[in-house]
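Worksheet for the structure shown next.
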Amino acid sequence: MEQYVIKGGHPLIGEIEVEGAKNAALSILTAAIMINESIMINNIPDVSDINVLLEAFIIIGATVKRIDRHTVQINGGTIDSVSVNCEFVKRIRASYYLVGALLGKYRKAEVPLPGGCNIGSRPIDQHLKGFRALGADVSVHHGVIVASADNLRGAHIFLDIVSVGATINIILAASLAKGNTVIENAAREPYVVDVANFLNGMGADIKGAGTDIIRIKGVEHLHSKSYSIMPDLIEAGTYMFAAAATRGNVLIKNVIPKHLEAMMTKLKEIGCIVEEFDEAVRVCAKWKLKKTYVKTLPYPGFPTDMHPQIAVALTLASGISIVTESIFENRFKYVDELIRMGAHIKVERNTVIIEGTSKLTGARISVPDLRAGAALVIAGLAAEGITVVDDIIYIQRGYENFEQKLRSLGAKIEKVSSETEIQKFMFRAG
Ligand code: UD1
């Protein structure tokens, strides 16, 4: 089992490039199997969630060719099964996009109920409601979603909850349905815009992505058009808050600053200097951080996927800060680990109350989920002494070259797989 070992207390300084957005790539790659031609997708992050999805494509017969680390050529024309009958695909949340894509293209899909990070109950009722509104029969048998439709026809769908996954999944199926679909109370996340841009490039007719009303005119066929995935706002945000927590100075390149507004606002509030460029942002934390209140919300609000990272920074801020989680009810498992590191932090219902302290101290901690994992590494970087982080497999789901990138910013972090290696690191780190 691999672990990270970190010698904390070094400010992160330097420049870093952000990869393509994992969440956008997962939906765009799945949309790519809706055509019967070869298509090239660029700027795909090399993270394990993407690799699991590509494996699932191969299992149903699609042709997947890795051109280089960030470019994949896919041909959905060789698909010979609509049954994604493999256990491993459950590991990723986004396996649910296979339902929308296969239902749209073949009018039939069988996909195991999704797993993903254990940050709440994460139902998919809104996805299923959308497919049913489009005329599909949908049921769940022995943990598998079974959807089929003789006629997939456009419908007016009001989402009861703002859901990124349901919005995208309905867009996928409705793009190849007959007639017009309207999604009301749609998610406005940049991922929705990116997948709509991709589909429109392939001949779909989707208007309003990025607003809460999306209109889709179904088309008969989609065609090949290569595409480059948007930059990852959560990876960018993670390095922004890592700079803040370690009192560093980092230029984060290859970003769309507009996507980072909620995070930049909070960083300024807690006392960081934030500079915005065309495709980069700089975060410089010269002084002790200040308290703030933050509530996670659908885009353009503060992202739930940045909750643990800001909470870690706030453990080192002066005063009492409050982080309210309004999207996922079980996103607090990092809190116990931070307590082991000396943080003054507690959870009350969906709120984290943090009394800032002057220092965290290194400890042996374990990662409960992807974003919490990144946040705990930030805590280790900011803490005094040695931190050993177990279960880093979660982090590898969503961060490419995490430790290498942090090292390029001056962090003392290594991936190890034995106690001996930990001892050697400690000896070298002094
Ligand atoms: C996506 C992202 C995830 C991010 C989340 C919110 C991917 C692969 N994952 O997850 O990183 O944290 O958006 O920005 O893109 N809900 C229902 N019924 C549904 C669907 C959702 O009740 O049918 C609830 C969820 O439990 C949650 C809220 O709606 O409370 C938002 O979830 P949703 O936006 O769907 O998250 P995901 O698409 O799973």
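The values are calculated or read from the model by the stated rules, or taken from the named source; none is laboratory data. In this text the structure is predicted, and so the values were computed from the model without any measurement. Positions of Cβ are generated from backbone atoms using ideal geometry, with glycine treated the same way; all protein chains shown enter the neighbour counts. The protein model used for the area step is the full one, side chains on, heavy atoms only, and it has no ligands, DNA or RNA in it. Shrake-Rupley method; radii C 1.70, N 1.55, O 1.52, S 1.80 Å.
The table below gives the values:
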quantity	calculated
Most positive-pole-ward Cα, Ala343, Thr324, Ile354, against dipole of the range 322-375 from beta carbon charges	Ala343
Residues His221 and Ile59, FRET efficiency given R0 of 30 Å [Cβ-Cβ distance, rounded to 0.05]	0.75
Amide N proximity, the range 97-111 versus Ser139 label position 7 Å along Cα-to-Cβ, cut-off under 13 Å	none
Point-to-point label distance, Asp150-Ile67, nm (Cα→Cβ direction, 7 Å offset)	4.3
Probe 1.4 Å, protein heavy atoms only - accessible area per residue of the range 125-214 in square angstrom	37
Residue-count net charge about Asp49 - beta-carbon cut-off 9 Å; Lys, Arg +1, Asp, Glu -1	+4
FRET efficiency, Lys207 to Glu329 (Cβ-Cβ, R0 25 Å, nearest 0.05)	0.15
Student exercise, the chain dipole from Lys, Arg, Asp, Glu Cβ charges, in Debye to nearest 20	600
Chain lengthening between Asn36 and Lys258 when straightened (0.36 nm per residue, less Cα-Cα)	76.4 nm
Accessible surface of His10 - all protein chains present, 1.4 Å probe, nearest 10 Å²	60
Protein-only accessible surface order, largest first, of Arg428, Arg122 at 1.4 Å	Arg428, Arg122
Theoretical FRET efficiency, 1/(1+(r/R0)^6), r = Cβ-Cβ of Lys108 and His344, R0 51 Å, to 0.05	0.40
Highest average packing first - 160-169, 242-251, 66-75, Cβ atoms within 10 Å	242-251, 160-169, 66-75
Net charge, Ile353 excluded, C-beta distance under 13 Å - Lys, Arg +1, Asp, Glu -1	0
Alpha carbon convex hull of the range 100-190, volume per residue in cubic angstrom	95
Between the range 123-148 and the range 243-320, the alpha-carbon center distance in angstrom	39
Rounded percent of accessible protein surface that carbon and sulfur make up, the chain, 1.4 Å probe	50
Binned Cα-Cα distances of the chain, short to long, each 20 Å bin given as a whole percent	27, 55, 18, 0
Solvent-accessible area per residue for the range 304-412 (1.4 angstrom probe, square angstrom)	33
Long pairs among Lys286/Lys359; Lys291/Lys412; Lys108/Lys129; Lys291/Lys405; Lys207/Lys253, criterion Cα-Cα beyond 20 Å	Lys291/Lys412; Lys291/Lys405; Lys207/Lys253
Mean Cβ neighbour count within 10 Å, used as a protection proxy, ranking 257-267, 78-88 highest first	257-267, 78-88
Total charge dipole magnitude, the range 170-279, about the Cα centre, Cβ charges on Lys, Arg, Asp, Glu only, Debye to nearest 20	200
Neighbourhood charge, 14 Å Cβ-Cβ cut-off, centred on Asp68 and excluding it, Lys, Arg +1 and Asp, Glu -1	0
Label-point separation, Asp278 to Gln423 (7 Å along Cα→Cβ), nm	5.4
Contour excess over end-to-end distance, with Cα ends at Lys286 and Val182 and 0.36 nm allotted per residue	32.6 nm
